[in-house]
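**Q** One structure, pasted below without further comment.
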Amino acid sequence: MIEPAHRVRAVVVGVERYDVGPEWDLDGPVRDACRYVQWLRGHGVDDGSITLLATPLPANQALLAQVGLPVRPAQQAVVYDVLTRELPADQADLLILVWGGHGVVDGDGNGRLFYADASAADKRNLDVNALMRALMTAFYPHQRRQLIVVDACQNLVSELQYVNRLPHQTLPAHPALMPGRDQHVLFAASPGELALNDSARRTGLFSDELLHALADPAAAWPPDADQLATHLDGRFARLRAEGATSQRPPYLWRRTPAREGVVFDLGAGRSARMPLAALGAVVDVMLGADELASVPNLQHFVSLLPPEIRGAVSYAGSPRMDLVRLLRTCEAYEKGRQALTTVLSVAMANRADLARTLDALDRHWPA
């Protein structure tokens, strides 16, 4: 079904220049932002329904001028007003939010996207996870369906040796979730990974691949995030095999009243199983992580797995046996290992425990 244009609201952000200085310059997000705008227009979204926020490199000013839309800087105060004043008042049914620029993952596992006025001493940023949560609440009474695209690195902030802690900007959020919400999020990279930006071609690798998929005449409108994620999963598997990138773009979804997960294209069953000794070694390492040694916490991680896997996991009520059953269930699916490692990478707050767990999986259950 074609979505009426007046029921779509799009916010497109491209940040190439930061107050930190030229060492943070990116040549690509603005060109990608312009391509996203043209894609939206091609599907009948009127200019009044598109908000373009961009801070370009001087050489890319002309690209924005050619688009012909009003452009506001991608600074904290401007973006915050768009998110907390303009969007809640907008009655569109479908929200499409695209962000290209620099990003990191903080010590609690939350994604942060830097505003253009981030400086060396004050790295102003948007908490992506907080925004995702807020968009599911009654603070946003409309925008029942949401597609969020984040083309940014997810370096671990602990590895970047910042002198000052990241500031944290809170977002207003109603305590009640809105019923019937359907949120899909496409990330360019998993936590700890870089999202490649091709300065020669002036594009992010993830956005370039996604825009090519969106330009396919057979692509659905409104966009079908499940189909896009399946396509990107296959495409990036080939790019990794070719040595072109190491990034593994995850796809997250959440539906109210109570469904969420990390979604993959699951292949046919597999017969490879870890020997019992290897299985025990992995379980021992996982039990050393407080987050995985608690049955309620472990059940939360399982709830993020694709429906086919999480529905097959049975519980014994003890952490060791529950971990054994989780691993054996994941082994039964071609992409069960990938699903498990991505869920752990997205949701584990203790990154040292995560690193030990992933290392154990690499040693005893090679991809």
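**Q** Could you check the stretch 288-299 and list, in sequence order, the residues that are assigned to a loop (DSSP other than H, G, I, E, B) and either modelled with pLDDT of 90 or more or out of contact with any helix residue (DSSP H, G or I) (no Cβ under 9 Å at 6 or more places or on another chain) (or both)?
**A** 288, 289, 290, 291, 292, 293
**Q** What number goes with the only condition from (1) surrounded by 21 or more Cβ atoms within 10 Å (Cβ to Cβ); (2) modelled with pLDDT of 90 or more; (3) not aliphatic (A, V, I, L, M) that residue 191 does not pass?
**A** Failed condition: (2).
**Q** Would it be correct to say that residue 216 is in the same structural domain as residue 254 (by TED's automatic domain parsing), in contact with a helix residue (DSSP H, G or I) (Cβ under 8 Å, 6 or more places away or on another chain) and surrounded by fewer than 17 Cβ atoms within 10 Å (Cβ to Cβ)?
**A** So residue 216 does not fit the description; no.
**Q** Sort out which residues of the stretch 189-227 are closer than 25 Å to residue 348 by Cα and of a type outside the set (Phe, Trp, Tyr), and write them in order of number.
**A** Passing the criteria: 189, 190, 191, 192, 193, 194, 195, 196, 225, 226.
**Q** Out of the residues in the stretch 254-282 that are in contact with a strand residue (DSSP E or B) (Cβ under 8 Å, 6 or more places away or on another chain) and either hydroxyl-bearing (Ser, Thr, Tyr) or part of a loop (DSSP other than H, G, I, E, B) (or both), state the one that is modelled with the highest pLDDT.
**A** 256
**Q** May I ask you to verify whether residue 58 is at pLDDT below 95, at negative phi and surrounded by fewer than 18 Cβ atoms within 10 Å (Cβ to Cβ)?
**A** In short, no.
**Q** Assigned by TED's automatic domain parsing to the domain that holds residue 300, within 23 Å of the chain's Cα centre (by Cα) and over 21 Å from residue 314 (Cα atoms): which single residue out of 340, 344, 358 fits that description?
**A** Among 340, 344, 358, only 358 is assigned by TED's automatic domain parsing to the domain that holds residue 300, within 23 Å of the chain's Cα centre (by Cα) and over 21 Å from residue 314 (Cα atoms).
**Q** A follow-up question, please. Which of the following residues is at pLDDT below 85 and either touching a Pro at 6+ places or on another chain (Cβ under 8 Å) or among the hydrophobic types (A, V, I, L, M, F, W, C) (or both): 347, 316?
**A** Checking each option against the conditions leaves just 316.
**Q** Please work out if residue 359 is surrounded by fewer than 20 Cβ atoms within 10 Å (Cβ to Cβ) and either modelled with pLDDT of 90 or more or closer than 18 Å to residue 296 by Cα (or both).
**A** It is true that residue 359 is surrounded by fewer than 20 Cβ atoms within 10 Å (Cβ to Cβ) and either modelled with pLDDT of 90 or more or closer than 18 Å to residue 296 by Cα (or both).
**Q** Quick one: which residue in 116, 121, 130, 134 is farther than 21 Å from residue 30 by Cβ, part of a loop (DSSP other than H, G, I, E, B) and of a type in the set (A, V, I, L, M)?
**A** 121
**Q** With the condition kept exactly as written, say whether any residue in the stretch 140-154 is among the acidic types (Asp, Glu), at pLDDT below 95 and assigned by TED's automatic domain parsing to the domain that holds residue 199.
**A** no
**Q** Quick one: which residue in 285, 302, 346, 324 is assigned to a helix (DSSP H, G or I), within 24 Å of residue 231 (Cβ to Cβ) and of a type in the set (A, V, I, L, M, F, W, C)?
**A** Answer to the selection: 346.
**Q** Condition first: under 13 Å from residue 26 (Cβ atoms), among the polar types (S, T, N, Q) and under 16 Å from the mean Cα position of the chain (by Cα). Now tell me which residues in the stretch 172-219 satisfy that.
**A** Passing the criteria: only 207.
**Q** Among the numbered criteria (1) crowded, with 20+ Cβ neighbours inside 10 Å; (2) in contact with a Phe, Trp or Tyr (Cβ under 9 Å, 6 or more places away or on another chain); (3) modelled with pLDDT of 85 or more, which single criterion is violated by residue 182?
**A** With respect to (1) crowded, with 20+ Cβ neighbours inside 10 Å; (2) in contact with a Phe, Trp or Tyr (Cβ under 9 Å, 6 or more places away or on another chain); (3) modelled with pLDDT of 85 or more, residue 182 is out only on (1).
**Q** May I ask you to verify whether residue 133 is farther than 14 Å from residue 112 by Cβ and either modelled with pLDDT of 95 or more or in contact with a strand residue (DSSP E or B) (Cβ under 8 Å, 6 or more places away or on another chain) (or both)?
**A** no
**Q** Tell me yes or no: at least one residue of the stretch 222-236 is assigned by TED's automatic domain parsing to the domain that holds residue 44, farther than 26 Å from residue 94 by Cα and of a type outside the set (Phe, Trp, Tyr).
**A** Checked against the condition, which is being assigned by TED's automatic domain parsing to the domain that holds residue 44, farther than 26 Å from residue 94 by Cα and of a type outside the set (Phe, Trp, Tyr), the stretch 222-236 yields at least one hit.
The values are calculated or read from the model by the stated rules, or taken from the named source; none is laboratory data. Since the model is a prediction, treat every value here as computed from it, not as a measurement. Reconstructed Cβ throughout: ideal geometry from the backbone, glycine too, with neighbour counts over all protein chains shown.
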